[in-house]
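Single-structure report; data block below.
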Amino acid sequence: MKKYTEKELLKLMFRERKIETIFLDNSHLKMLFNVSDRTLHRWRESGQLPYERKSKRGKIFYRLHEVLNRMQQA
């Protein structure tokens, strides 16, 4: 999975046609929101932040378009 810089992520936010296929990981969200791992965990557990796991104990990913929708609602 490609690591995006903050500048690249901002550019992607304005491209609606590809946004559904972009996944972010915890490090991306920590950078975007300036929060800790624990805060992301609380958001996931409370249902505020939809996520996907690629396996039972695998890495957690977030769809960029869902993250943006949550940001707009806040």
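Some observations on this one:
- The single condition from (1) in contact with an Asp or Glu (Cβ under 9 Å, 6 or more places away or on another chain); (2) surrounded by 12 or more Cβ atoms within 10 Å (Cβ to Cβ); (3) modelled with pLDDT under 90 that Lys3 fails is (2).
- Top-ranked residue in region 6-23 [being out of contact with any helix residue (DSSP H, G or I) (no Cβ under 6 Å at 6 or more places or on another chain) and at pLDDT 75 or above; ranked as nearest to Arg63 (Cα to Cα)]: Phe23
- Looking across region 32-74 at every residue that is in contact (Cβ under 8 Å) with a residue 24 or more places away in the chain, in a helix (DSSP H, G or I) and among the aliphatic types (A, V, I, L, M), the one that is surrounded by the fewest Cβ atoms within 10 Å (Cβ to Cβ) is identified as Leu68.
The values are calculated or read from the model by the stated rules, or taken from the named source; none is laboratory data. Worth saying up front: this structure is predicted, and the values here are computed from it rather than measured. Methodologically, a virtual Cβ is constructed for each residue, glycine included, from the backbone with ideal geometry; neighbour enumeration extends over all protein chains shown.
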